[in-house]
Every structure is written in structure tokens, then in C-alpha cells.
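What follows is one structure encoded as C-alpha cells, with my remarks underneath.
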Amino acid sequence: MKRNNVYYLITLLLMVCSFNAAAQQPYTEKHRPQFHFSPAAKWMNDPNGMVYHKGVYHLFYQYFPDGTKWGPMHWGHATSKDLVSWQHKPTALFPDSLGYIFSGSAVVDSLNTAGFAKNGETPLVAIFTHHSPKPELEKIKKNQYQSLAYSLDDGETWTKYEGNPVLENPGIIDFRDPKVMWHEASKKWIMTLATKDRITFYSSPNLKDWQKESEFGSKLGAHGGVWECPDLFPLDINGKQVWVLLVSINPGAPNGGSGTQYFTGAFDGKTFVPDSAQTKFIDYGTDNYAGITWSNTGDRKIFLGWMNNWQYANEVPTEAWRGAATLPRDLKLVQVNGQHYLSASPVKELDRITQTVFEKSKLNLNKEIDLSSHIANAKGQFRLDLTFNAEESFNILLSNKSGQKLTIGYDKEAKQYFIDRTQAGQSDFEAGFAKKHLAPRISVDKRIQLTLIADAASVELFADQGLTVMTDVFFPAETISILKINGPKKNKLTELTVSKIASIY
């Protein structure tokens, strides 16, 4: 697990040299993420319009440039060539006479099916929800409908289609968040749309004229709240293609508030047929919501979520900005006891800013392992990789000089992972924030492989190669500077690595 330190230093120098004007913002505020994407200022929530084009990852996101709480939605915009460092771009889409710019997706229309190309350009087309506040106030259900915008200069500028909306509301109060993909077998575009408590699939030959195909989910999955931000894509496993459907729900997540469930099965261009009735979640922490995948990435599926929860998103104790993204994650399918499960792991590009500072094998937990000296200068930005016996419990303690602590661990009796933030820092902004969160162990392997990634005010736990994932934010008064591992004497660590992660700013 050694990482090339020379490559690490060279990458840092290149990143410094390529600093853009927006990234020269201080980014030194208390609790500010240092290697997760966050806006330079003001509010962000759902990732939108994620598309890969000509070597550039485009990230759009729900953005309110005039405040740090949710407001009239725009599409913010940022780009990256490596999924690590981000260049802030001008706001892409602004509210207009049809309403606010709610969530949606973007595609590369390489065949010019929509006819937007004028001189042989390759159009990028954004498909998004227009949300009109007036009908909402008047309790008229037709306040959300789907619209288009297009770019002929590789995403730099955007023009809204003069024929908007392209999909009118049939009378559903929640009719939003279109995720569009090209379905090669049927040679048509498929729109996966959240429609109140289910998903509705539409098809189109040209992104402008849409036909309803089918509905899914009225009697499957979690239904504790409204369904939102869906995504549909295929993944291969053992030479077989399996379709994955992501559906965010708020409230109704396993540990309260917002979360993202998923289904696996078959899709024929018209109907999604699940292969299991089991309700599964892509992340069991409380701070991964509305996540979708980048389009146009071929067989690789890269996921990004909003690192927050609607239970307290408007109240978290940050001042210049509110909201951040999770780490980008590679998604794969794994089979356990005949069931298909998603696994998620940090993208390999993160290694570019990650430097190993301590490595050890074959350790007995006959006493507390204190790794604090290895993160002393890490400013709370580090990665911990462990491999050990799954037959015993363990605790990982993250703490600071103020005595605040975040505890992450595994309970062998319950076969559950957990993150306990009851004593992790400020929590008075929301009554349910300071809790212990639980997640099931899905793997049946006798060894646990665990990766823990900490930034200024967040942790992401990837257990069993990403079969169980937990993401939680927390707000300590001081930087985390203490890292310890506790467990029974007979538990053996077969591998232990501590790494520092550099700031991208």
C-alpha cells in the first residue's frame, strides 16, 4: 500500500501552479473541507448534470448564490480533469419565467438527436426540472416540469431551449429530477424521473418528445418520504449485465432523514424488473444524499453525493458556505449469498494527494494503539486502512485537545458497524444530530478490510471493500489530532496504514 512520495510532491506543485481565481479563496474557515468539493461561498445541495466530456468532468449542483440557506435554485458549475482538484466556473443556469432550476442531468448528444448542433459541434444537453413557486403557493400540483438547455462550447455557456418545457406535469406535486441516458439496445433516450412515491420511465428519440413507458416502486423499497434524484445504469458482474436503480428518499433513511436506496434487476428500455425485494442503501451514514453518477464514462460508474441531510442542512454551523460533496466513488456489483449488492470505494485518483506516513503488519491489539503522532501535522486530513479478524469488536477513536471524540467501530455481536457522534462537537443546532448511527455488515468474509477517510468535519467509512459505507459530518471545536485503535487482546491486525491527505486549495 506504499504510495509514491515523489509523485505526490510533483502533483502538489502542479496543483499549486494551476490555482484558479476562485480556488484562491481562503478555504481556511472552520470546518471547511480541504479535499471535498464545496462552493467558494453560499449554499449548495444536490449534484446535478454530471457529465464527462473531452477529458473533463463537469459537476453542476443546486446553488443559491445569495445566501447560505436554501433559496431560489440555480445550477452552479465546476470542472475537473482528475476528480480531485476543481475549477470553479460561472453559474450555468439561472431561474427564469418558468421557475427555479431544480435537479437534473446532462448528456453528450453525439448523434445530434435534438438538432442543437449548428456547425458540426457536439452538443451537451442538460435536462432539468423547472419548479414554479407560484403554483406551489396556490397549491396547484402542476408546478414542476422538465426542460432542456444546451451548450455548443463544451459546457462553458448554456442556452435554454425555446420550446421548454419538453415534458409537462400530468398533475403530480412531486415530478422532478430527470436522469437521462442513451439506451443503445432500443436506440432511444431513457428518462428516469421521480414521481412522488415511485419512479416513472419515459423514452424519447430526440430529448424533446417524451413518451411514458412504465412505473416502478409503488410497493417496493423504503417509503418513509418522497422519492427523489433517481439514476439508472448497467453494471457487469461475472460476464452478466445487471441494471442498478438509485432512488433517494427524504425522510426514511436507516438512521433518520435523507438517504439513498438502490435496486438491482433488469431493464429492457421500457420496464425495470427487480431481482430482489430487499431494501438496500448505498450509504448508511446520515450525510450522503441525492447522489448520482457521471454520464459518458463508459463502463466505469463514478458516484457523487451531497454530504448533508435535510434534517439539519440549513442549520449546520458553517458561515461563509453551507454544503459539500462526498468523495467521488467507483461503483461495482458484488454477489453475497445470491444477492447483488453495490460496493463503493474512493476513486483511485485520490492517491495523487495521499502520502503514506506509517505502515505496519501483524499487530496484536493487546493494548491501545496510539497513532496520534502520525497525524500530528495532518490538520484532520488523513486516511486509515486496516485489515483484521471479523470475529472480534473494535473501536477507532478520533479526538482533539478539547476532549471531543468521534468513535467508529464494529460490534461483533450485532454484526454492525457504527459511527458515534454523540460527543463529537457542536450539535445544538438540531435535536437529533448527536446520535450513534448503525450499519449492517453485509460481507461474510472472515476478515474485515476497512478504509476510513477524515477531512476537517467529515468521515467516510468504507468497510469490506465498500460493501458497507457510512458518511457522517461532525463539527469539532478544534482539529482532530488524536487517533487511537482499541480492541480485544486476541484480535490481530494483519495490515495497518496511516496516510496524510493534502489540501486541494
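For segment 352-501, what is the relative contact order in percent, using Cα pairs closer than 8 Å and at least 6 residues apart in sequence? Display every interim value, and only then the final one.
Numbers: 378 pairs, mean separation 66.0, N = 150.
In percent, rounded to a whole number, it is 44.
Loop only per DSSP, at most 16 neighbouring Cβ atoms within 10 Å: give me the chymotrypsin sites (Phe, Trp or Tyr not before Pro) in segment 373-448, ordered by residue number. Don't skip to the end; give the middle numbers.
Values: sites: 382, 388, 394, 410, 417, 418, 429, 433; in loops: 429, 433.
Taking segment 373-448 and a limit of 16 other Cβ atoms within 10 Å, the loop chymotrypsin sites (Phe, Trp or Tyr not before Pro) found are 429.
Taking 0.36 nm per residue of sequence separation and subtracting the Cα-Cα distance, how much length would be gained by fully extending the chain between residue 154 and residue 268, in nm to one decimal? List each step's numbers first, then the result.
Numbers: separation 114, 0.36 × 114 = 41.04 nm, distance 3.12 nm.
Computed gain between residue 154 and residue 268 is 37.9 nm.
Between residue 412 and residue 96, 0.36 nm times their residue separation minus their Cα-Cα distance comes to what?
Numbers: separation 316, 0.36 × 316 = 113.76 nm, distance 5.44 nm.
Answer, rounded to one decimal: 108.3 nm.
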Fill in the blank from the handout: Here FRET efficiency (C-beta to C-beta, residue 121 to residue 392, R₀ 60 Å, nearest 0.05) is 0.50
Practice task
Can you pull the one-decimal nm distance between simple spin-label points at residue 494 and residue 211, each 7 Å off the Cα toward Cβ?
Solution key: 5.5
Exercise for the section: Using a cut-off of 13 Å between beta-carbons, work out the net charge of the residues near residue 117 (Lys and Arg +1, Asp and Glu -1, residue 117 not included). Expected result: -3
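With viscosity set to 1.306 mPa s at 10 °C, what whole-number translational diffusion coefficient in µm²/s follows for segment 273-353 from Stokes-Einstein and a Kirkwood radius over Cα pairs?
On the way: Rh = 14.8 Å.
For these conditions, the coefficient is 107 µm²/s.
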Practice task
Please give, to one decimal in nm, the separation of the simple spin-label points placed at residue 220 and residue 370, each 7 Å out from Cα toward the Cβ.
Solution key: 5.3
Practice task
Go ahead and collect, in residue order, the members of segment 395-435 whose backbone nitrogen is under 20 Å from a label point 7 Å along the Cα-Cβ direction of residue 69.
Solution key: 427-433
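If contacts are Cα pairs under 8 angstrom and at least 6 residues apart, what is the relative contact order of segment 109-236 in percent? Mind showing how you got there, number by number?
Values: 260 pairs, mean separation 24.0, N = 128.
Contact order relative to length: 19 percent.
Determine, for 441, 300, 176, the number of other Cβ atoms within 10 Å of each Cβ, and report the residues in order from fewest to most. It would help to have the intermediate numbers written out before the result.
Values: 441 19, 300 13, 176 27.
Taking fewest neighbouring Cβ atoms as first place, the list is 300, 441, 176.
Given just the C-alpha atoms of the chain, how large is their convex hull per residue in cubic angstrom? Please report the intermediate quantities before stating the final value.
On the way: hull volume 73.8 nm³, N = 505.
Each residue corresponds to 146 Å³ of Cα convex hull volume.
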Problem - Rounded to 10°, Cα long-axis angle of helix 5-17 versus longest principal axis of the chain - result: 50
Completion exercise
Using the Cα gyration tensor of segment 352-501, the equivalent ellipsoid's semi-axes, largest first and to the nearest Å, work out to 22, 19, 14
Practice task
Grab the alpha carbons of segment 30-145, take their convex hull, and tell me the volume per residue in Å³.
Solution key: 123
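State to the nearest 20 debye the size of the charge dipole of segment 293-365 about its Cα centre, where the only charges are +1 on K and R beta carbons and -1 on D and E beta carbons.
Dipole about the Cα centre, nearest 20: 260 debye.
Give me the percent relative contact order of the chain, please, defined on Cα pairs under 8 angstrom at least 6 residues apart. All intermediate terms of the calculation are to be shown ahead of the outcome.
Details: 1382 pairs, mean separation 72.0, N = 505.
Rounded, it is 14 percent for the chain.
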Completion exercise
Burial-style ranking of 231-240, 84-93, 42-51, 371-380, average other-beta-carbon count within 10 Å with highest first, yields 42-51, 84-93, 371-380, 231-240
Fill in the blank from the handout: Note: residue 436 to residue 319 extended length (0.36 nm per residue) minus current alpha-carbon separation gives 39.5 nm
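Throughout, read-outs are computed from the coordinates displayed, never taken from laboratory work. Please read these numbers as outputs of a predicted model, since none were measured by experiment. Cβ atoms come from the backbone with ideal geometry, glycine included; neighbour counts cover every protein chain shown.
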